[in-house]
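**Student:** Below is the structure I would like to discuss, written out as structure tokens.
The values are calculated or read from the model by the stated rules, or taken from the named source; none is laboratory data. Nothing here was measured: the structure is a model prediction, and the numbers come from that model. In this analysis, Cβ positions are derived from the backbone assuming ideal geometry, glycine residues included, and neighbour counts consider all displayed protein chains. When the accessible area is computed, the model is the full protein with side chains, heavy atoms only, and any ligands, DNA or RNA have been set aside. Shrake-Rupley method; radii C 1.70, N 1.55, O 1.52, S 1.80 Å.
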Amino acid sequence: MKKKKVNTNILNSPDRIKERKRLNKENVFVDFKLDESLKDMGKGKSYYIYTYGCQENESDSEKIRGLLESVGYTEKLVLEEADVLVLNTCAIRKNAEDKVFGELGRLKQLKRERPEIVTIVCGCMAQEQDAVNLITKRYQNVDIVLGTHNIHDILGLIKKCYDKKERLVDVLSYEGDIVENVPMVRQSKIKAWVPIMYGCDEFCTYCIVPYTRGKERSRLPENILKEVNELVEKGYKEITLLGQNVNAYGKDFTDRSYDFADLLTDLHNTKIERIRFTTSNPKDFDDKQVKAMALGGNIMPQLHLPVQSGSNEVLKRMNRRYTRETYLSLVKKIKEAIPNISLTTDIIVAFPGETEEQFEETLSLVKECDYEGAFTFIYSPREGTPAASYTEQVPEDAAHERLYKLNELINEGYKKGSMRFLNTIQKVLIEGESKNDPNMLMGYNENGKLINVKGDKSLIGKIVNVKVTEAKTWSLDGEYVE
Ligand code: SAH
Ligand code: SF4
Ligand code: F3S
């Protein structure tokens with residue numbers, strides 16, 4: 001018997017033109033309230049969640065967990081057994097999307113076996129017109145497509161899907177609200193993500209994020225401080241502040257003058273033991289912020305400072321709005337202020353039109369900065385971004401060759417960044433058992449280097465002294481010392 005085709009109800013669909021608009025509208029703050037009629041909708045049911053992409057998605061997934069569990073769903077670790085499947089997706093490069101389509105293809109069989117499963121695609125891919133068209137046409141196993149701006153509507157949409165037996169697309173293309181008090185189930189009891197702002201207004205010419213995440217908008221400092229103080233009360237030891245450009249925090253406030261340096265200083269005065277943040281944009285990293293970072297103490301000596309390219313010509317076409325020279329002078333200032341700092345970066349090779357000489361300039365900048373790590377990428381054209389229509393795309397062979405050369409250099413940096421800790425005593429926040437060896441513990445030192453530690457399980461959740469006995473490229477080994 002031929003299966004009846006399910007109706008697709010498009011409530012809102014993504015629109016790239018609207019996503020690009022920045023109307024300088026003031027921030028809209030919303031307090032989440034659970035609709036009483038949904039209170040028990042998940043009783044006896046379970047969910048499974050996949051999280052792709054960056055920390056922002058990790059943090060959103062904690063809210064999705066919180067929402068689902070607030071109405072009775074429980075988390076399943078085996079996806080075949082779950083009643084609701086959530087794919088929280090990433091659109092940053094083509095291979096990120098390919099992974100999701102691959103998984104959706106595999107899930108078709110499961111949907112045939114258990115048609116009552118509700119499959120939800122959310123995250124950045126849901127904000128893309130082409131991806132959504134493909135999903136609604138070819139992936140009949142997807143029941144709900146939900147954008148990044150309304151994840152807090154997930155429960156109502158699932159209910160609608162149960163009641164009406166139809167597929168739903170609800171993707172808003174607007175500047176985004178700031179929704180506070182969304183319930184959250186955090187992944188760790190030791191370390192927490194704390195978003196301080198949402199969206200991005202930078203419009204780097206290669207990047208999809210300003211379209212998928214909307215306008216740059218900052219949470220109010222009082223809400224951030226309240227959240228951090230509550231985390232301290234619950235025993236959390238470390239926070240990572242999240243934003244696509246944390247250095248622009250507060251620039252959108254109209255009722256006060258309060259910036260990232262002020263926030264760092266206020267957080268420095270709380271009882272949280274470790275503060276990290278990501279991601280920094282060199283263009284907005286000013287002297288006041290360097291000074292705030294240099295307060296030290298609970299502000300960790302670690303900085304991820306994406307450079308993307310060492311060539312001024314390329315940086316200009318990327319619309320990064322800083323130069324090689326201003327970047328290097330910022331790095332110098334930071335290293336003078338925080339001599340022990342571990343610096344890491346992001347680099348894109350084979351941006352359209354990048355010449356061999358321009359790539360060499362990236363290599364020379366890497367040498368000059370002494371990075372202790374980096375995420376390196378081959379440029380991936382993203383539909384609707386300016387760079388996707390630039391001519392002179394670099395041939396694939398040359399791109400791979402450049403990536404290989406760059407990674408060799410970066411790996412030397414990783415190794416050097418490990419060696420400097422050999423035979424020293426490091427303060428390590430012990431997070432749990434080591435992945436590769438259940439007899440060992442693992443954690444990170446203040447500089448963000450992974451350490452496998454010989455010690456008793458009672459150390460989990462504590463910051464302890466560890467003597468580093470071996471330095472490998474990607475990690476350190478050490479022993480607990482009193
Ligand atoms: N907001 C952060 C990072 C966001 S995306 C920042 O500006 O630093 C993480 C990294 O992905 C970027 O730093 C960049 O190196 C890379 N990236 C973004 N778009 C890309 C694309 N189209 N192709 C390849 N790499 C990309
Ligand atoms: Fe993308 Fe640039 Fe914004 Fe980072 S700062 S998210 S690279 S547009
Ligand atoms: Fe990916 Fe969106 Fe983050 S595109 S990197 S999940 S902001």
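**Student:** List the strands (runs of 3 or more DSSP E) that sit entirely inside region 414-482 and contain at least 3 residues that are on the phi > 0 side of the Ramachandran plot. Break it down into steps so the answer makes sense when it comes.
**Tutor:** Working: elements: 425-433, 441-444, 450-454, 463-471, 476-481.
Correct list: empty, since no element meets the threshold.
**Student:** Next question, about the same structure. Go through (1) within 17 Å of residue 447 (Cβ to Cβ); (2) part of a strand (DSSP E or B) one by one and return the number of the condition residue 371 breaks.
**Tutor:** Evaluating residue 371 over (1) within 17 Å of residue 447 (Cβ to Cβ); (2) part of a strand (DSSP E or B) leaves (2) as the failure.
**Student:** Can you name the condition, by its number, that residue 172 falls short on among (1) surrounded by fewer than 22 Cβ atoms within 10 Å (Cβ to Cβ); (2) among the hydrophobic types (A, V, I, L, M, F, W, C); (3) more than 14 Å from ligand 2 (Cβ to nearest atom); (4) part of a loop (DSSP other than H, G, I, E, B)?
**Tutor:** (1)
**Student:** Can you confirm whether residue 375 is at pLDDT 95 or above and surrounded by 15 or more Cβ atoms within 10 Å (Cβ to Cβ)? It would help to see each step written out before you state the result.
**Tutor:** Details: at pLDDT 95 or above: yes; surrounded by 15 or more Cβ atoms within 10 Å (Cβ to Cβ): no.
No: the conditions fail for residue 375.
**Student:** Let me ask another. Tell me, please, whether a residue that is crowded, with 17+ Cβ neighbours inside 10 Å, of a type outside the set (Val, Ile, Thr) and outside any helix (DSSP H, G or I) can be found in region 354-366.
**Tutor:** Scanning region 354-366 turns up at least one residue that is crowded, with 17+ Cβ neighbours inside 10 Å, of a type outside the set (Val, Ile, Thr) and outside any helix (DSSP H, G or I).
**Student:** Additional query: Pick out the one residue from 351, 377 that is of a type in the set (Phe, Trp, Tyr) and away from ligand 3 (no atom under 16 Å from the Cβ). Explain how you work it out, then say what you get.
**Tutor:** Details: 377 fails: away from ligand 3 (no atom under 16 Å from the Cβ).
Going through 351, 377 in turn, just one is of a type in the set (Phe, Trp, Tyr) and away from ligand 3 (no atom under 16 Å from the Cβ): 351.
**Student:** Out of all the residues in region 239-257, which are more than 22 Å from residue 214 (Cα to Cα) and either open to solvent by 10 Å² or more (accessible area, probe 1.4 Å) or in a loop (DSSP other than H, G, I, E, B) (or both)? It would help to see each step written out before you state the result.
**Tutor:** Let us first name the residues in region 239-257 that are more than 22 Å from residue 214 (Cα to Cα), namely 239, 256-257.
Matches in region 239-257: 256, 257.
**Student:** Right, next: Give the number of residues within region 137-156 that are open to solvent by less than 30 Å² (accessible area, probe 1.4 Å) and either closer than 30 Å to residue 31 by Cβ or β-branched (Val, Ile, Thr) (or both).
**Tutor:** Result for region 137-156: 12.
**Student:** Can you confirm whether region 85-102 contains a residue that is in the same structural domain as residue 17 (by TED's automatic domain parsing), at negative phi, surrounded by fewer than 16 Cβ atoms within 10 Å (Cβ to Cβ) and in contact with a Pro (Cβ under 9 Å, 6 or more places away or on another chain)?
**Tutor:** yes
**Student:** Given the criterion closer than 30 Å to residue 332 by Cβ, surrounded by 14 or more Cβ atoms within 10 Å (Cβ to Cβ) and at pLDDT 95 or above, identify the matching residue among 472, 405.
**Tutor:** Numbers: 472 fails: surrounded by 14 or more Cβ atoms within 10 Å (Cβ to Cβ).
Among 472, 405, only 405 is closer than 30 Å to residue 332 by Cβ, surrounded by 14 or more Cβ atoms within 10 Å (Cβ to Cβ) and at pLDDT 95 or above.
**Student:** Just for region 258-274: of the residues that are under 16 Å from residue 218 (Cα atoms) and in a loop (DSSP other than H, G, I, E, B), which one is nearest to ligand 3 (Cβ to nearest atom)?
**Tutor:** Checking each candidate, the answer is 259.
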